[in-house]
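First up is the structure itself, then whatever we jot down about it.
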Amino acid sequence: MTATSDAATSPVNVVSHRIADSLRHEILGGQLAPGTRIRQEDLAERFGASRIPVREAIRMLHSDGLITMVANSGAWVSRLTLAECVEVYSIRERLEPLLLRMSMPHLSPETVDHLDALADGMAANTDVEYFVEHDRELHLSSYSGAPRGALWDIIHRLWNTTQHYRRAYATLVGVEGIGVTHMEHHLLVDCIRRQDPDDAERMLVTHIRRTRLELERHPELFA
């Protein structure tokens, strides 16, 4: 066993990942809202751990974009202003089509079938949490054929920082109110199945831009 693998399986590392996985699930699942204070002493008591793995878990989530660190103050679940969210979506409009183009040639027919099934499932379901979870899965799965490099890491982080606001918007309008999203999902999957990267890019830009414009209409979500 190498020194790297020894470090990866050390007790502290294992505990850090367990804490980080639990908090990640709670933040992405909406149990911890943006702006929630994350106290190291509370986590240490909750997980029966020392401060060292707790600090490492917080560092991991900060790297993921899920937690914001403030010098001499502490850690909070990341939150965005409306202007920041608009900026994130504008970046996504430009970067995600590139990642999709890189991914498409390497997606198996089984993966494309899975994307289709996800689109069908969302269209047939009226539960907001179901939509938020499977919308994320559809898009990130569509990028799974691309190498896990810097671009993938950036986009994954941007998805993390906007998860709460997608949920808040879907809750506000109701899943029935975003029917056009389901149509766009099906059109996007069709582009992927046909291996037409130009159409896929155009569809994805339209899809992300429309969500950005809709979020701009609801500044109350960022209060």
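Annotation: of all residues in segment 103-117 being surrounded by fewer than 21 Cβ atoms within 10 Å (Cβ to Cβ) and not acidic (Asp, Glu), the one that is farthest from residue 195 (Cα to Cα) is 117.
Among the residues of segment 169-196, the one identified as closer than 26 Å to residue 219 by Cα, open to solvent by 50 Å² or more (accessible area, probe 1.4 Å) and among the polar types (S, T, N, Q) is 171. Of all residues in segment 62-95, those satisfying the criterion of being without any contact (Cβ under 8 Å) to a residue 24 or more places away in the chain and in contact with a strand residue (DSSP E or B) (Cβ under 9 Å, 6 or more places away or on another chain) are 62, 68, 69, 70.
Scanning segment 144-180 for residues that are farther than 22 Å from residue 32 by Cα, within 17 Å of the chain's Cα centre (by Cα) and assigned to a helix (DSSP H, G or I) yields a total of 5.
Given the structure, is residue 42 closer than 21 Å to residue 165 by Cα and either crowded, with 16+ Cβ neighbours inside 10 Å or charged (D, E, K, R) (or both)? In short, no. For the structure I just gave you, tell me whether residue 78 is under 20 Å from residue 187 (Cα atoms), within 15 Å of the chain's Cα centre (by Cα) and open to solvent by 10 Å² or more (accessible area, probe 1.4 Å). No, not satisfied. Every condition in (1) surrounded by 16 or more Cβ atoms within 10 Å (Cβ to Cβ); (2) of a type in the set (S, T, N, Q); (3) modelled with pLDDT under 95 is met by residue 5 except one, and the failing one is (1). The numbered conditions (1) small (Gly, Ala, Ser); (2) open to solvent by less than 30 Å² (accessible area, probe 1.4 Å); (3) modelled with pLDDT under 95 are all true for residue 48 except (2).
Which members of segment 206-219 meet the condition of being buried (at least 16 other Cβ atoms within 10 Å of the Cβ) and not basic (Lys, Arg)?
Step one: list which residues in segment 206-219 are buried (at least 16 other Cβ atoms within 10 Å of the Cβ), which gives 207-208, 211-212, 214-215.
Passing the criteria: 207, 208, 211, 214, 215.
Residue 141 - would you say it is surrounded by 19 or more Cβ atoms within 10 Å (Cβ to Cβ), of a type in the set (S, T, N, Q) and farther than 23 Å from residue 32 by Cα? It would help to see each step written out before you state the result.
On the way: surrounded by 19 or more Cβ atoms within 10 Å (Cβ to Cβ): no; of a type in the set (S, T, N, Q): yes; farther than 23 Å from residue 32 by Cα: yes.
The answer is no for residue 141.
The values are calculated or read from the model by the stated rules, or taken from the named source; none is laboratory data. Not measured: the values here are computed from a predicted model. Cβ: placed from backbone, ideal geometry, glycine included. Neighbour counts: every protein chain shown. The accessibility values were calculated without ligands, DNA or RNA, using every heavy atom of the protein model including side chains. Shrake-Rupley method; radii C 1.70, N 1.55, O 1.52, S 1.80 Å.
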